[in-house]
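Okay, structure first, notes after.
The values are calculated or read from the model by the stated rules, or taken from the named source; none is laboratory data. All values derive from a computational prediction rather than experimental measurement. Counting neighbours? That spans all protein chains shown, and the Cβs are built from the backbone with ideal geometry, glycine included.
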Amino acid sequence: MKLIASLLTAATLWFFMFSLWTAPYFNFWVAMTLSAVLLTCMSLFLSPKLSKQFQFTWKAIGVGILSAAILWVIFYLGDFFSNLLFNFARPQVDSIYAMKDGQSRWILALLRSEEHTSELPSHS
């Protein structure tokens, strides 16, 4: 039941974030951040033992930084190869990043700090 509730919550949140019907009513970046926070809180609430796995040590911080770097490389390569293989990839990726146009840079910086990645450069 916990899994079904979590999946339904995530699917609902993602629908509101990515649906063309709801796009004019939500700030995408705020919705993404709040969704990530809500799902994280749900996971900690539904699995209390999970919170015991979190530690703030120098080793944990190093692993986090290394993980972020590895993820950035994976996303960079994915972006690069998807542009080579699929002619529709670049416009779709660009349309996602276009959602930030007209937004406050300070708000975006605060909201996106949880993503641990930077934007992928364009290869076109």
Task: Which numbered condition SER19 fails, given (1) among the small types (Gly, Ala, Ser); (2) closer than 28 Å to TYR97 by Cα; (3) out of contact with any His (no Cβ under 9 Å at 6 or more places or on another chain); (4) modelled with pLDDT of 85 or more - done: (4)
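With modelled with pLDDT of 90 or more, touching a helix residue (DSSP H, G or I) at 6+ places or on another chain (Cβ under 6 Å) and assigned to a helix (DSSP H, G or I) as the only criterion, which of SER35, SER82, SER51, SER67 stands out?
Every option except SER35 fails the conditions.
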Open item on the list: So, LYS59, is that one assigned by TED's automatic domain parsing to the domain that holds TYR97, exposed (fewer than 11 other Cβ atoms within 10 Å of the Cβ), over 16 Å from the mean Cα position of the chain (by Cα) and assigned to a helix (DSSP H, G or I) or not?
Closed with: yes
TODO: Any chance you could count how many residues in region 6-21 are loosely packed, with under 13 Cβ neighbours inside 10 Å, closer than 16 Å to VAL37 by Cα and of a type in the set (Gly, Ala, Ser)?
DONE: 1
Open item on the list: Please determine whether any residue of region 63-86 is exposed (fewer than 11 other Cβ atoms within 10 Å of the Cβ) and either of a type outside the set (A, V, I, L, M, F, W, C) or touching a residue at least 40 places away in the same chain (Cβ under 8 Å) (or both).
Closed with: no
